[in-house]
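A short worksheet on the structure shown next.
Any read-out appearing in this document is the output of simple, stated calculations on the displayed coordinates, not a laboratory observation. Given the structure is predicted, the values throughout are model-derived calculations rather than measurements. Backbone-built Cβ (ideal geometry, glycine too); neighbour counts: all protein chains shown.
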Amino acid sequence: LAIISDHEFTKLLAPVKEEEVCWTEKEALVKEEEEEEAVTIQKQVEGETVTVKEEEKDVTEEDAFRVKEEEDITVKEEEEDAVFGVEDEEGEITVTLEEDEEEKTGELINTSKYREILNYRGSSGEPQQLHDAEEAEKSHSRSELLKKHQQRPTGKKSNCCSDSGKRFTSSVKLKIHQRIHTGEKPYGCDQCGKSFTQLNSLIVHQRRHTGEKPYGCDQCGKSFIRLQTLKSHQRIHTGEKPYGCDQCGKSFIRLQTLKSHQRIHTGEKPYGCDQCGKSFTQLSNLIVHQRGHTGEKPYGCDQCGKSFIRLQTLKSHQRIHTGEKPYGCDQCGKSFIRLQTLKSHQRIHTGEKPYGCDQCGKSFTTSSYLTIHQRTHTGEKPYGCDQCGKSFIRLQTLKSHQRIHTGQNPYSCTQCGKRYSDKRSLTKHQKIQGVVS
């Protein structure tokens with residue numbers, strides 16, 4: 001063996017030590033990388049755990065917010081249902097079920113992302129419980145939607161009035177009807193203070209103050225406040241009379257006129273005067289009658305200033321000034337100011353006496369003659385003289401009597417010129433003279 005010096009031996013060992021150092025450094029570097037990787041994995045695991053916890057917290061907060069929001073939406077929908085029901089009465093707003101379904105479906109779809117997060121957490125059993133709860137909630141929401149849909153108007157009259165027994169398709173219409181029984185009139189006119197049960201009635205009423213007549217006839221140009229009045233008017237031009245009486249076959253333009261007519265057959269008089277107890281078949285007749293108690297005469301003549309209870313009476317009176325007699329008899333050619341006077345006159349030719357006394361059976365051509373006759377049975381004398389206090393059955397008899405006090409003799413004989421206070425006395429005189437037979 002060759003002998004080497006210490007220096008040479010050291011030289012020979014140097015590469016080995018360097019190699020060992022290199023390996024040692026490599027091992028340390030690998031170990032350090034492994035440790036760093038372990039720390040990174042630990043942080044990732046911890047981060048994922050924190051993320052899941054945070055997401056779980058977010059889900060809990062979101063669920064709580066969503067439940068509160070659904071409660072608010074439910075309350076709001078109930079309030080809107082009440083408002084929309086009133087609007088449906090007017091036929092202006094329609095709310096469809098599909099809109100409610102879209103809102104609810106949208107809320108249910110939004111929960112799918114929360115289910116994915118919860119299912120990610122593993123097999124602890126809690127995500128499945130929450131999933132079942134959501135499914136139950138979804139089923140409950142659909143059940144509520146079905147109930148709401150079933151409560152919508154279907155055309156069936158399922159809402160019944162406990163007072164009259166009348167049935168309605170919606171609770172809103174029933175509520176409006178019940179105001180007839182309760183006397184509630186929530187809609188008041190700011191012009192005259194008159195109140196109404198329905199808003200639409202108030203709107204129509206206010207047109208009387210404004211003079212607005214939005215519905216015009218294309219045949220004659222006449223305008224009306226109500227659409228229904230225009231439709232009834234147009235039947236005058238077409239001759240249509242769709243409402244027929246099943247008792248006598250008579251036909252009418254308006255349904256209300258038919259109903260009033262049918263009361264002649266039934267004897268029903270639903271409108272009673274609270275002053276004297278007298279009853280009427282039509283409300284308009286009661287209103288006119290009540291003016292006799294109050295003394296109200298709202299219709300005045302611009303020619304002579306005379307006032308009247310009825311508008312039709314004013315129109316008839318104005319023909320005295322104009323000389324117009326539009327109603328002529330086709331039997332004798334005589335003309336009259338009023339249609340009713342013509343009808344009464346024509347009964348002279350036909351011999352018809354439709355108004356019979358239930359006391360003695362005597363019949364008359366007009367209802368006014370029957371009324372006067374019935375006073376002979378009751379002893380009623382409604383017309384009193386303010387000069388001497390004497391009372392009379394007929395108004396015309398009172399007027400003739402008052403001429404005794406005034407000395408007025410408006411009726412004169414064409415032969416001798418003698419004058420009388422009443423027409424009957426003149427006629428009697430003329431028969432004696434042979435002027436009339």
Candidate set: the range 304-325, residues that are over 37 Å from the mean Cα position of the chain (by Cα) and without any contact (Cβ under 8 Å) to a residue 12 or more places away in the chain; chosen: the one surrounded by the most Cβ atoms within 10 Å (Cβ to Cβ): LYS306
Can you tell me which residue within the range 194-240, out of those that are touching a residue at least 12 places away in the same chain (Cβ under 8 Å) and of a type in the set (D, E, K, R), is farthest from ILE180 (Cα to Cα)? GLU240
Considering the range 409-434 alone, what residues qualify as being within 60 Å of the chain's Cα centre (by Cα) and of a type in the set (D, E, K, R)? ASP422, LYS423, ARG424
Just give me the residues in the range 293-303 being surrounded by fewer than 14 Cβ atoms within 10 Å (Cβ to Cβ) and either of a type outside the set (S, T, N, Q) or in a helix (DSSP H, G or I) (or both), in sequence order. HIS293, THR294, GLY295, GLU296, PRO298, GLY300, ASP302
In the range 237-255, residues that are surrounded by 14 or more Cβ atoms within 10 Å (Cβ to Cβ) and under 28 Å from the mean Cα position of the chain (by Cα) total 5
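This table checks each residue for (1) among the small types (Gly, Ala, Ser); (2) closer than 30 Å to ASP358 by Cβ; (3) in a strand (DSSP E or B); (4) over 29 Å from the mean Cα position of the chain (by Cα).
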residue	(1), (2), (3), (4)
LEU230	no, no, no, no
HIS233	no, no, no, no
LYS259	no, yes, no, no
GLU268	no, yes, no, no
GLY277	yes, yes, no, yes
SER284	yes, yes, no, no
Enumeration of residues in the range 298-318 that are of a type in the set (A, V, I, L, M) and either touching a helix residue (DSSP H, G or I) at 6+ places or on another chain (Cβ under 7 Å) or on the phi > 0 side of the Ramachandran plot (or both): ILE309
Hey, can you tell me all the residues within the range 383-406 that are surrounded by 14 or more Cβ atoms within 10 Å (Cβ to Cβ) and more than 23 Å from SER368 (Cβ to Cβ)? ILE404
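Does ARG338 meet the test of being touching a residue at least 12 places away in the same chain (Cβ under 8 Å), in contact with a helix residue (DSSP H, G or I) (Cβ under 8 Å, 6 or more places away or on another chain) and under 27 Å from LEU258 (Cα atoms)?
yes
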Find the residue count for the range 272-297, including only residues that are without any contact (Cβ under 8 Å) to a residue 12 or more places away in the chain and either on the phi < 0 side of the Ramachandran plot or in contact with a Ser or Thr (Cβ under 8 Å, 6 or more places away or on another chain) (or both). 7
Counting only residues that are under 30 Å from CYS360 (Cβ atoms) and of a type in the set (Ser, Thr, Tyr), which one in the range 407-436 is surrounded by the most Cβ atoms within 10 Å (Cβ to Cβ)? SER425
